[in-house]
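So the structure is just underneath, and the comments pick up after that.
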Amino acid sequence: MPAVFLKDRSLISISGAEAQSFLQNLITTDIIALEAAEARPGALLTPQGKILFDFMIWQDGDGYTIETDTDQRDGLLKRLTMYKLRAAVTLAPRAEEGVTVSWGEGVEHVQDGQGVRDSRFAKAGVTLFRRPGKHGNGEEALYDALRISHGIVTSGPDFTLQDAFPHDVLMDFNDGLSFRKGCYVGQEVVSRMQHRGTARRRVVTVSAATALPATGTEITAAGKPVGTLGSVEGDHGLAIVRIDRAGAAMAAGTPLLAGETPVSLVLPQWSGLAFPTSADEASA
């Protein structure tokens, strides 16, 4: 059972009588639908519908805990405080540094009452728990390899904040994006994308016969850009690509290249998505 300490993760506590309504009207996640001991992805969007901050969120007693990159924590806390106004909500950084992720045989027994189940991995058929603090010494590469194999992205290596829409990173399929709970920041834009079926950029897993080039390498078809390589572990990686362009290239037998390296692209099976064979067939 791997147990990997992610040292660059930090936590924010949200409590108070109006904590639930405050978050429900602000972030992409349906807070009311959160189950006990379940962590769901979420984001605070720009008014234009792009991801300003991304995180995991779960219930913590009568309040909630947000887990985000350490580099994002202070900015996210400041932005949440700006929206707080006079709401009966208390926002504070938690003292724990880092988060431990555990998965594999026996993990449910070990984590009973001590961790929260990550809904993104559950969608992919993997039971993975997240727990504040350091509780293991596994290599972080093990977790990255697991993420990559199941098409689960993270900001930084896989996408740039304020550049990606929630649909781009599959939040419409992993319980991180609600279309039923009512208004929140950026909601009109993402709802329009959903109902019009205009989402074109999607997460794919990338594989090659040799080691992949570095994160940030452009993926092309016949010299035209398709997407950009994200997290890489050996000959496997992640990318966010235009699935209409990639699908048309594959249908025509046009090689896809990451730099000079031939690659294959696969949409995560848990998403239920398929590559269209022409641009006008791309769908959300």
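Criterion first (in the same structural domain as residue 15 (by the TED database), touching a residue at least 40 places away in the same chain (Cβ under 8 Å) and either open to solvent by 30 Å² or more (accessible area, probe 1.4 Å) or aromatic (Phe, Trp, Tyr) (or both)) does residue 154 satisfy it? No: the conditions fail for residue 154. In this structure, residue 15 does not qualify as in contact with a helix residue (DSSP H, G or I) (Cβ under 7 Å, 6 or more places away or on another chain) and either hydroxyl-bearing (Ser, Thr, Tyr) or in contact (Cβ under 8 Å) with a residue 40 or more places away in the chain (or both). For the stretch 30-37, the condition holds for at least one residue, the condition being that it is part of a loop (DSSP other than H, G, I, E, B) and open to solvent by less than 30 Å² (accessible area, probe 1.4 Å).
Looking across the stretch 8-25, the residues that are of a type outside the set (Gly, Ala, Ser), farther than 14 Å from residue 74 by Cβ and either touching a Lys or Arg at 6+ places or on another chain (Cβ under 8 Å) or open to solvent by less than 10 Å² (accessible area, probe 1.4 Å) (or both) come down to 14, 22, 23, 24.
Screening residue 272 on (1) within 21 Å of residue 195 (Cα to Cα); (2) open to solvent by less than 40 Å² (accessible area, probe 1.4 Å) shows it passes everything except condition (2).
A quick yes/no check of all residues on (1) surrounded by fewer than 20 Cβ atoms within 10 Å (Cβ to Cβ); (2) part of a strand (DSSP E or B):
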position: 56; (1), (2): no, yes
position: 59; (1), (2): yes, yes
position: 108; (1), (2): yes, no
position: 114; (1), (2): yes, no
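Residue 231: assigned by the TED database to the domain that holds residue 266 and of a type in the set (S, T, N, Q), yes or no? It is true that residue 231 is assigned by the TED database to the domain that holds residue 266 and of a type in the set (S, T, N, Q).
Given (1) crowded, with 19+ Cβ neighbours inside 10 Å; (2) over 28 Å from residue 122 (Cα atoms), identify the lone condition not met by residue 211. Against the list (1) crowded, with 19+ Cβ neighbours inside 10 Å; (2) over 28 Å from residue 122 (Cα atoms), residue 211 comes up short only on (1).
Which of the residues that make up the stretch 176-194 are out of contact with any Asp or Glu (no Cβ under 7 Å at 6 or more places or on another chain), open to solvent by less than 50 Å² (accessible area, probe 1.4 Å) and part of a loop (DSSP other than H, G, I, E, B)? Across the stretch 176-194, the qualifying residues are 176, 177, 182, 184, 185, 186.
If you go through the stretch 67-92 and keep only what is touching a residue at least 24 places away in the same chain (Cβ under 8 Å) and open to solvent by 70 Å² or more (accessible area, probe 1.4 Å), you end up with 71, 79, 83, 90.
The values are calculated or read from the model by the stated rules, or taken from the named source; none is laboratory data. The structure displayed is predicted, hence computed values, not measured ones. With ideal geometry, Cβ positions are generated from the backbone for all residues, glycine too; neighbour counts draw on all protein chains shown. All accessible areas refer to the heavy atoms of the entire protein, side chains included, with ligands and DNA or RNA removed. Shrake-Rupley method; radii C 1.70, N 1.55, O 1.52, S 1.80 Å.
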